[in-house]
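K.L.:
If you scroll down you'll find the structure; I have some questions about it.
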Amino acid sequence: MNRIVVHGVSWAAADSRRIREGDTMNKRAALFLAAASAASALALAGCGGGGGSSPASSSAPAAAPASPSSAAPSSAAPSSTASAEVETLKTASVAGHTIVVDGDGKAVYVYTRDNPGATTSACTGGCASLWPAVTSAGAPTLQGVTGKIGSITGVDGKQQITVNGMPIYYYAKDTAPGQVNGQGVANVWYVIGADGSMIQTPLASGSSGTGGY
């Protein structure tokens, strides 16, 4: 190989040095590119990884089991011993007359001071004590009675039976079935027939007509 010497340096030596310097630069460039590529990959991984990660789930604490109720079971209210009853009206024969009586055979009466169709009774106070109303929890059961049955609110707040619009009553001095001690009392109290009509005829067991209201 021919060498050309310039100022004491051969071209061959210069070429060898340039080759070595070129290799060094290439290696540095390769290392720089590798480092840049690695940094770029890390940056991309950092950007992409944040969106994909799921937040830690915080589970709510389990509800404590319900404790058994400390309340004592409520006891049923005691039922009333004196329950309201539906009355029965039927007929009975007294002194040759067919009259209206209740289910136990006690005579019932009308008060001539009541007005037919009125919504209140004229018998109040002491009168109501001596002549208690005939009441029923519902429409009375009828046996042979043909008069028109209705009711009003009696002085005691219960439903008092009416026959042909007239309230009916008991007489406190009638103590057994078949007695009609209230017949004609004060000329204002009378028993009634099956059709609800007033019977004013004196009856054998009737009173003398005093002591009424």
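K.L.:
Would it be correct to say that Ser83 is hydroxyl-bearing (Ser, Thr, Tyr), more than 30 Å from Ser197 (Cα to Cα) and modelled with pLDDT of 50 or more?
P.N.:
Criteria met by Ser83.
K.L.:
Checking Gln179 against (1) surrounded by fewer than 18 Cβ atoms within 10 Å (Cβ to Cβ); (2) polar (S, T, N, Q); (3) modelled with pLDDT of 95 or more, which test does it fail?
P.N.:
Going through (1) surrounded by fewer than 18 Cβ atoms within 10 Å (Cβ to Cβ); (2) polar (S, T, N, Q); (3) modelled with pLDDT of 95 or more one by one, Gln179 breaks only (1).
K.L.:
Moving to a separate point now. Quick one: Ile152 ticks every box in (1) at pLDDT 95 or above; (2) exposed (fewer than 13 other Cβ atoms within 10 Å of the Cβ); (3) of a type in the set (A, V, I, L, M, F, W, C) bar one, so which box is it?
P.N.:
(2)
K.L.:
Please find, within the stretch 159-194, the residue that is nearest to the chain's Cα centre (by Cα) out of those that are closer than 17 Å to Gly117 by Cα and part of a loop (DSSP other than H, G, I, E, B).
P.N.:
Checked the stretch 159-194; the qualifying residue nearest to the chain's Cα centre (by Cα) is Gly165.
The values are calculated or read from the model by the stated rules, or taken from the named source; none is laboratory data. This one's a predicted model, so the numbers in the text were calculated from it and none came from an experiment. Here Cβ is always computed from backbone atoms with ideal geometry, including for glycine, and neighbour counts include all displayed protein chains.
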